[in-house]
């Protein structure tokens, strides 16, 4: 879905700079910068037009009856497009641009260094797993993103249904190309995906709620602008497509997936893939946007786990826990009924209501004390849909539409309520909602002074680092009044610290799946089911889990540096402006921006 933006960003930009710098007036700098930004936005829009799913995610209806291409030729065409963008930008002199436009160019130049590696390693990425893939992404897209506001929108939905078989043929071709070079996902992922496929196929011939896409389509066309007779015809057409070509697409994928499963016998990290060590180094570099090596990341994790466990022991004393054993306390919070929501409709309603309360209470009472800006886009809390809740993660965020037609969404997985402990919900809401993901991502999308590629691109260390930092901010203004909620905050932080240890353990030190699970059971308070899902995620997304703690530590390091150097001049709101109001940038660039702000603030009277 994001090939086009990766290609555009990775294309890089080289801007002409005469040997003898020309002097530009303020008006010339403004005009030149506007030209560069307009050109970049034009090229971005052209890429979006070739990626209908991303367009719809932005709230646009470009190519609304089609799917994005999943072919090698489409991928390389976008890379060629980015190189053409590079050539066209050589006409601009960097000395005649404002600071934000220079930064945009800098980000292009930084990303071009990774473009060769991106292309080299793209076949090492597992394209289908229980964490993601077209088998779940396409139904989710149609249900949550494809709006029907007119007859043509309804026909576009039907057109998309009829083209799913072609998409799946491309997906299978991609899977086969990975198989050909020895890239197969770990064995544990196969039953999850097979179960999802079988469950979906079983519903496709039905006419009740089990057929989730028919149910969705029928509800969306039940509107005044479509006559009842036309509705009936459209529903019949949808049912026919779903029971034939869509069913065949899923059956074809299941058949290949079943055959592929027989060829995989192990649960290994990426060290077992061709050139696996080099691939993992690339993953760490790409995720953290730093040059940190595996052993350094591992050592940081060990150190942070020890620090956080010491803070947890202080919580144990505060609540008068009878034992000095941290393991005993972990077992207590994992099993005691007071920390669990009931595994029924009442418990599910309660968790959604509490989540809304935490987010909106923080926004109402604390936001202005910490931030100068807040996003216009609203946020809603939703349960993960039934068709994907069994295999989906515990919680996640989806960005709002650019045009305001869709809010930001914080999804909570209510499949197994034992995996969502009550004491963690406060921190989880701050992470996914406000001041976390929604605050950062929605604000970035609303920045009009920077080109679109910066508003919609990002990196894990920045995005997840901010979200983890956002779990700490409420503590600093007096929240987490319940000691157990504060323990929940620490339990989520130690989870991210343990990830540094386990991710490197799996992919560099050849840990087994059980070794990784055991480490988490010994050092964190999370439920066994939650831990298993997380460990499986680290196998499937090498390096990704390291970005959270690396990013948070860098933001805290920069904040402490600013406090020390600015003294009374330090303003937390101004600091947050620097972090948030430039879009998602690599950590090294963020450090430069903060250093520049410190220097400018020192000079100001």
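Quick notes
- Condition check for residue 547: in a helix (DSSP H, G or I), at pLDDT 95 or above and farther than 25 Å from residue 265 by Cβ: yes
- Residue tally, condition exposed (fewer than 15 other Cβ atoms within 10 Å of the Cβ) and modelled with pLDDT under 50, over region 3-58: 5
- Odd one out for residue 172 among (1) surrounded by 17 or more Cβ atoms within 10 Å (Cβ to Cβ); (2) assigned to a loop (DSSP other than H, G, I, E, B): (2)
- Residue match in region 147-154 (condition: crowded, with 20+ Cβ neighbours inside 10 Å and either outside any helix (DSSP H, G or I) or in the same structural domain as residue 400 (by TED's automatic domain parsing) (or both)): yes
- Residues that are at pLDDT 90 or above and either surrounded by 18 or more Cβ atoms within 10 Å (Cβ to Cβ) or farther than 20 Å from residue 178 by Cα (or both), drawn from region 95-120: 95, 96, 97, 98, 99, 100, 101, 102, 103, 104
Listed here are the residues, each with its yes/no results for (1) within 30 Å of residue 503 (Cα to Cα); (2) crowded, with 17+ Cβ neighbours inside 10 Å; (3) over 25 Å from the mean Cα position of the chain (by Cα).
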| site | (1), (2), (3) |
| --- | --- |
| 197 | yes, yes, no |
| 203 | no, yes, yes |
| 214 | no, yes, yes |
| 219 | no, no, yes |
| 232 | no, no, yes |
| 280 | yes, yes, no |
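- There is no residue in region 297-305 that is within 28 Å of the chain's Cα centre (by Cα), in a loop (DSSP other than H, G, I, E, B) and either within 24 Å of residue 507 (Cβ to Cβ) or modelled with pLDDT of 95 or more (or both).
- Boolean, residue 141 is in contact (Cβ under 8 Å) with a residue 24 or more places away in the chain, more than 23 Å from the chain's Cα centre (by Cα) and surrounded by 15 or more Cβ atoms within 10 Å (Cβ to Cβ): no
- With respect to the conditions (1) assigned to a helix (DSSP H, G or I); (2) under 27 Å from residue 542 (Cβ atoms); (3) touching a residue at least 60 places away in the same chain (Cβ under 8 Å), residue 70 lacks only one, and its number is (1).
- The set of residues in region 249-293 that are touching a residue at least 40 places away in the same chain (Cβ under 8 Å) and within 19 Å of residue 464 (Cα to Cα) comprises 282, 283, 284, 285, 286, 287, 288, 289, 290, 292.
- Among residues of region 485-508, those that are free of Cβ contacts under 8 Å to residues at least 60 places away in the same chain and assigned to a loop (DSSP other than H, G, I, E, B), counted: 0
- Residue 500 being at pLDDT 95 or above and farther than 29 Å from residue 391 by Cα: no
The values are calculated or read from the model by the stated rules, or taken from the named source; none is laboratory data. Quick caveat: nothing in here was measured; it's all calculated off a predicted structure. Neighbour counts are summed over all protein chains in view; Cβ atoms, including those assigned to glycine, are modelled from backbone coordinates with ideal geometry.
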